[in-house]
Amino acid sequence: MAGVGVVAEKVDVMKHFYRLLHPRPAVLVTCVDSEGRPNALAISWISPVSREPPMIMISVGKKRYSNALIKETGEFVVNIATPELVENVHFCGTVSGREVEDKIAKAKLTSEPARAVRAPVIEECPAHLECRVKQVIDCGSHDLILAEVVAAYADPRAFREGLWEQEVARVLLHAGGNVYSKPSDYFRASGKP
């Protein structure tokens with residue numbers, strides 16, 4: 001194994017199996033209740049699943065307040081966070097909207113109307129994916145929420161020609177617990193092993 005060295009025996013990490021797939025983008029998912037009151041949730045279990053139609057999936061704990069809101073309204077926004085927002089993101093991931101009124105304001109973030117859904121966007125984030133729920137799959141402790149992306153937009157200074165301009169903005173990555181990271185510089189594969 002290049003870069004790691006020879007290991008005599010690998011140890012059991014089943015308790016943290018999912019962290020073998022981290023760090024992952026830490027995003028703020030915004031949603032609203034039936035009366036339009038907004039909430040925000042920090043997650044890192046997110047992935048694209050289809051280009052046509054444009055679909056993503058998020059995995060949200062069943063006990064999370066936002067889980068019920070997303071299923072109730074069928075809409076949400078994924079707001080892509082940067083390392084400068086780590087404290088705001090961590091707050092949204094550790095404080096429940098059930099217990100805090102206007103969680104977005106308490107997190108010192110600015111909500112603005114979205115373009116196609118009722119859930120707001122977080123102005124401080126450089127990019128947004130507005131989504132409509134297509135299917136919810138029970139996966140045990142979490143629900144897998146499949147959603148169609150109905151609008152996607154980004155700050156043109158931060159995202160150009162399909163790539164993040166890392167001199168301008170880097171995506172915040174979550175490693176686990178209160179540990180975060182950010183991507184290093186890009187590099188290209190040679191195409192030869």
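The values are calculated or read from the model by the stated rules, or taken from the named source; none is laboratory data. What you are looking at is a predicted structure, and each value in this text was computed from that prediction instead of being measured. All Cβ positions, even for glycine, are placed from backbone atoms using ideal geometry, and neighbour counts span all protein chains on display. Side chains included, ligands, DNA and RNA excluded: accessible areas come from the protein's heavy atoms. Shrake-Rupley method; radii C 1.70, N 1.55, O 1.52, S 1.80 Å.
So here's what we get for this one:
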{"item": "Residue of Val89, Val13, Val136 that the Gaussian network model of the chain assigns the largest fluctuation, springs spanning Cα pairs under 10 Å", "result": "Val13"}
{"item": "Listed residues Gly140, Gly61, Gly97, most fluctuating in the chain (Gaussian network, C-alpha, under 10 Å)", "result": "Gly140"}
{"item": "Label-point gap, in nm, between Ala175 and Arg157 - each point 7 angstrom along Cα→Cβ", "result": "3.0"}
{"item": "List Met14, Met57, ordered by accessible area with a 1.4 Å probe, largest first", "result": "Met14, Met57"}
{"item": "Surface accessible to a 1.4 Å probe, Asp102 within the full protein complex, Å²", "result": "80"}
{"item": "Rg and Dmax [Cα atoms of segment 18-104; Å; Rg one decimal, Dmax integer]", "result": "13.1, 39"}
{"item": "FRET efficiency, Asp33 to Ala105 (Cβ-Cβ, R0 22 Å, nearest 0.05)", "result": "0.90"}
{"item": "Stokes-Einstein D in µm²/s, Kirkwood radius over Cα pairs - segment 77-193 at 25 °C with 0.890 mPa s viscosity", "result": "150"}
{"item": "Relative contact order (%) - criterion: Cα under 8 Å, at least six apart; region: segment 1-85", "result": "30"}
{"item": "Trp45 - accessible surface, heavy atoms, 1.4 Å probe, Å² rounded to 10", "result": "80"}
{"item": "Relative contact order of the chain, pairs being alpha-carbon contacts under 8 Å that are 6 or more residues apart, as %", "result": "24"}
